Amino acid sequence: MKLTFLGTGAGMPSKERNVSSIALSLLQEANSVWLFDCGEATQHQILYTSIKPRKINKIFVTHLHGDHIFGLPGFLSSRSFQGGNQPLTIYGPTGIKEYIETSLELSATHLTYPLIIEELKEGKIAESENFEMYCKKLNHGIPSFGFRIVEKDRPGKLQVDKLIKMGIPPGPIYKQIKENETYTLPNGEVIFRKDFLGPTKHGRIISILGDTKSTEKNQKFVQGSDVLVHEATFNKENKELAEKYYHSTTEQAALLAKNSAVRKLILTHISSRYQSIDYPILLEEAKDIFHNTILAEDFFETTIE
């Protein structure tokens, strides 16, 4: 499970940051990649990574401001030319269906794969074999959502030493034992999976919030996240601007992380008013409150253990 930040800027692209998009690679867990927002030139950013567009089968759109959606028509079109023939589902606020369908119709774009568009309501929005996905409405100038991805608990590690002591040699049989509650050995003996597994591995939790202010209201939603991705459009000195434009500061994001018992905070959606010389200061403002904070730059990657 890995996060790749394809764009970390706010409002418009700059020389240092493209606009919003984050990829969650779940190749081992679900053989897929999920995209969160798709700002202008997201498909260009993907070219500089190992991400294969055909593997992207879910896109979660936080809100309909241009810096979060202007890359969608181009990406959807290009996916058809890059081996994408499996269905793709887009989740977004009311209006996302009209925006996408109008863009594709007016540009005479014909996709080679089924496109499903789901407009969001708060609560559980999807469930798969390994994951549950939830959304919550945030406080922004237009409807904006945060997403919580909850991995289901996984079976513990197979205790190979016990199997060897029973005279069961390594091989495909180990996979059968781990995937079935009971297994009948060639000699007719029935063994139980639970007797050969280590402790259950608790599922990981990732919370990715769209643009928002009033971050304290999101505490319950992000509680206990292994990773919280939060916008930090402004520094602490510009708290009034953050309030005016329905955004958050570095300090506000850090306070939410601290009060919600998250493990790691990653800041993104940085205003272009800040240059690389300012980044250490922005980071320090957050780390003074919540130490395990990272300020993401374009192409920053982190693995979630």
Need the failing condition index for Val262 against (1) in contact with a helix residue (DSSP H, G or I) (Cβ under 7 Å, 6 or more places away or on another chain); (2) not in a loop (DSSP other than H, G, I, E, B), just the number. (2)
Test result for Gly92, in the same structural domain as Ser25 (by TED's automatic domain parsing), surrounded by 18 or more Cβ atoms within 10 Å (Cβ to Cβ) and modelled with pLDDT under 95: no
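Residues are listed down the side, and each one gets a yes or a no for (1) in contact (Cβ under 8 Å) with a residue 40 or more places away in the chain; (2) touching a strand residue (DSSP E or B) at 6+ places or on another chain (Cβ under 6 Å); (3) within 30 Å of Phe81 (Cβ to Cβ):
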| site | (1), (2), (3) |
| --- | --- |
| Thr112 | no, no, yes |
| Ile125 | no, yes, yes |
| Gly141 | yes, no, no |
| Val150 | yes, yes, no |
| Phe192 | no, yes, no |
| Gly198 | yes, no, no |
| Ile208 | yes, yes, yes |
Number of the condition not met by Ile191 [criteria: (1) closer than 30 Å to Asp67 by Cα; (2) outside any loop (DSSP other than H, G, I, E, B); (3) of a type outside the set (Asp, Glu)]: (1)
Of everything in segment 82-139, what is of a type in the set (Lys, Arg) and either assigned to a strand (DSSP E or B) or within 18 Å of Ile205 (Cα to Cα) (or both)? Give them in sequence order. Lys124, Lys136, Lys137
All but one of (1) in contact with a helix residue (DSSP H, G or I) (Cβ under 8 Å, 6 or more places away or on another chain); (2) closer than 30 Å to Ile270 by Cα; (3) crowded, with 20+ Cβ neighbours inside 10 Å; (4) not acidic (Asp, Glu) hold for Val229; which doesn't? (1)
Kindly list, by first and then second residue, each pair from a residue in segment 81-99 that is closer than 18 Å to Phe36 by Cβ to a residue that is among the aromatic types (Phe, Trp, Tyr) and surrounded by fewer than 18 Cβ atoms within 10 Å (Cβ to Cβ), limited to pairs with Cβ atoms under 8 Å and residues at least 6 apart or on different chains. Leu88/Tyr113
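The values are calculated or read from the model by the stated rules, or taken from the named source; none is laboratory data. No experiment lies behind these values; they were computed from the predicted model shown. Using ideal geometry, Cβ is built from the backbone for each residue, glycine included, and neighbour counts are taken over all protein chains shown.
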